[in-house]
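Visitor: Here it is, the structure in full.
The values are calculated or read from the model by the stated rules, or taken from the named source; none is laboratory data. Bear in mind that the values here come from a model prediction, so they are computed numbers and not experimental data. A quick note on method: Cβ atoms are made from the backbone with ideal geometry, for glycine too, and the neighbour counts reach across all protein chains shown. Protein only, heavy atoms only, side chains kept; ligands, DNA and RNA dropped before computing areas. Shrake-Rupley method; radii C 1.70, N 1.55, O 1.52, S 1.80 Å.
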Amino acid sequence: MPVAFSGDQSASWSILLEARPREMPDPAAVAARMSRASAEFPNLGPAATVLRPSDVELTRAEFADEHYHEGDPLVRVALAGDTLLIAAHHGAVDGLGLLALLGIALGEPVHSSATGVASRSPDRPYLLSALGRVHEAVWTPPTRIQPSSRGDETGDHLVSRTVPAVKLDSARITAAALEATRKWNSAKGVRHHRVVAAIGASWRSGADPRPELASALLRLRLPDGSGEEDVRALLAASVPEAGFPSERNPLARWGMRLLADRLGSTFLVSNLGVVKAPVDALCFYPAASGRSGVAFGVMTAGEATTLTVRVRRRDFDAAAAAGLLDLVCEAALSGLEAQR
């Protein structure tokens, strides 16, 4: 399978799931199950090699940052201590597809409460959607989350926070990310009047996830003063964007390269819902691309809810990444307190 994928061509497009299983699986059994999965699902590429690294943090960074090349496995698996890491190219699977791979690795079913957007359909064809995005990029580009630094370091920072299990649906976490953006940019003297939230979704539900790609994207233009109920109404009324062509399309590649700093969204939110799996903890790092290169992930497993942020190292240092995620957590949890 080609690894071409629409979007920011500087991004690795590697999405990552980190799990702490209740019982660590046997590496040989994991390798055998992954081999069978690659044979059944050609979109996964050659069978993944199951690594046994000693450094979880280094492996997490490598899994997230390294680009996939033609002929390589499109899934990466590592067992280290009490941690199971699974990464995959976003052109091979989506977030729910990662959960399916988790189930394969553990040899047990995994389910999510995510409902998917199968009942919705794009309201205009790709060409009109693309023209609209180009017009936006040229004349009214989305507000970006102001970088904390300017450098040439490659790769992404990955930061997570775990709280006792709480109900954080996509509307609530998007509203929290919006509030965090306001506070962050206001502190830096930057206006935030054209915030656009990208919401990662799937055409299927999480009831029976498969290791395939069924991703959909919702884009919400959030007016000044929008609160959680406004976000909820906009999200309920939104329809997915029409699918983009492969980045092998020369015109698409040229346009993306030309407008790279103006395309995309202010931030991305991807919520994998409440997950039932034989694990004590889970966290998910979606792909960070677009204008800000900031992506927030959220999921609940067992008695814990984990929120993550993924940001480009060239734009944010580690302290800034952690501070941005703390703002989101604060806004999300204070919103819950206000509703009690």
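Visitor: For the stretch 308-326, name all the residues that are acidic (Asp, Glu) and either within 10 Å of Arg150 (Cα to Cα) or touching a helix residue (DSSP H, G or I) at 6+ places or on another chain (Cβ under 6 Å) (or both). Before the answer, list the steps.
Guide: Initially, the stretch 308-326 is screened for residues acidic (Asp, Glu), giving 315, 317, 326.
Scanning the stretch 308-326 gives Asp315, Asp317.
Visitor: Taking the stated definitions as given, is Ala260 modelled with pLDDT of 95 or more, open to solvent by 10 Å² or more (accessible area, probe 1.4 Å), outside any strand (DSSP E or B) and aliphatic (A, V, I, L, M)?
Guide: Values: modelled with pLDDT of 95 or more: no; open to solvent by 10 Å² or more (accessible area, probe 1.4 Å): yes; outside any strand (DSSP E or B): yes; aliphatic (A, V, I, L, M): yes.
Taking the combined requirement at face value, the residue does not satisfy it.
Visitor: Is it true that some residue in the stretch 212-221 is outside the structural domain of His67 (by the TED database) and at pLDDT 95 or above?
Guide: Yes, that holds for at least one residue.
For (1) open to solvent by less than 60 Å² (accessible area, probe 1.4 Å); (2) more than 21 Å from Leu16 (Cα to Cα), each residue gets a yes or a no:
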{"residue": "Leu178", "(1), (2)": "yes, yes"}
{"residue": "Asn185", "(1), (2)": "yes, yes"}
{"residue": "Lys188", "(1), (2)": "no, yes"}
{"residue": "Arg191", "(1), (2)": "no, yes"}
{"residue": "Arg210", "(1), (2)": "no, no"}
{"residue": "Leu213", "(1), (2)": "no, no"}
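Visitor: Restricting attention to the stretch 263-275, report how many residues are assigned to a strand (DSSP E or B) and either aliphatic (A, V, I, L, M) or modelled with pLDDT under 55 (or both).
Guide: Step one: list which residues in the stretch 263-275 are assigned to a strand (DSSP E or B), which gives 267-275.
This time we only want the ones that are either aliphatic (A, V, I, L, M) or modelled with pLDDT under 55 (or both), so: 268-269, 272, 274-275.
Residues meeting the conditions: 5.
Here is a yes/no grid of residues against (1) open to solvent by less than 20 Å² (accessible area, probe 1.4 Å); (2) in contact with a Pro (Cβ under 8 Å, 6 or more places away or on another chain); (3) modelled with pLDDT of 90 or more:
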{"position": "Leu131", "(1), (2), (3)": "no, no, no"}
{"position": "Val134", "(1), (2), (3)": "no, no, no"}
{"position": "Thr140", "(1), (2), (3)": "no, no, no"}
{"position": "Ile145", "(1), (2), (3)": "yes, no, yes"}
{"position": "Val159", "(1), (2), (3)": "no, no, yes"}
{"position": "Ala165", "(1), (2), (3)": "no, no, yes"}
{"position": "Ile173", "(1), (2), (3)": "yes, no, yes"}
{"position": "Arg182", "(1), (2), (3)": "no, no, yes"}
{"position": "Ala198", "(1), (2), (3)": "yes, no, yes"}
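Visitor: Where residues in the stretch 215-230 are among the small types (Gly, Ala, Ser) and surrounded by fewer than 16 Cβ atoms within 10 Å (Cβ to Cβ), which of them is farthest from Ala277 (Cα to Cα)?
Guide: Gly225
Visitor: Just one of (1) modelled with pLDDT of 95 or more; (2) open to solvent by 70 Å² or more (accessible area, probe 1.4 Å); (3) under 19 Å from Ser270 (Cβ atoms) trips up Trp203, so point out which.
Guide: (1)
Visitor: Could you tell me which of the residues Glu108, Glu57 is free of Cβ contacts under 8 Å to residues at least 12 places away in the same chain and more than 18 Å from the chain's Cα centre (by Cα)?
Guide: Just a single option satisfies the conditions, and that option is Glu57.
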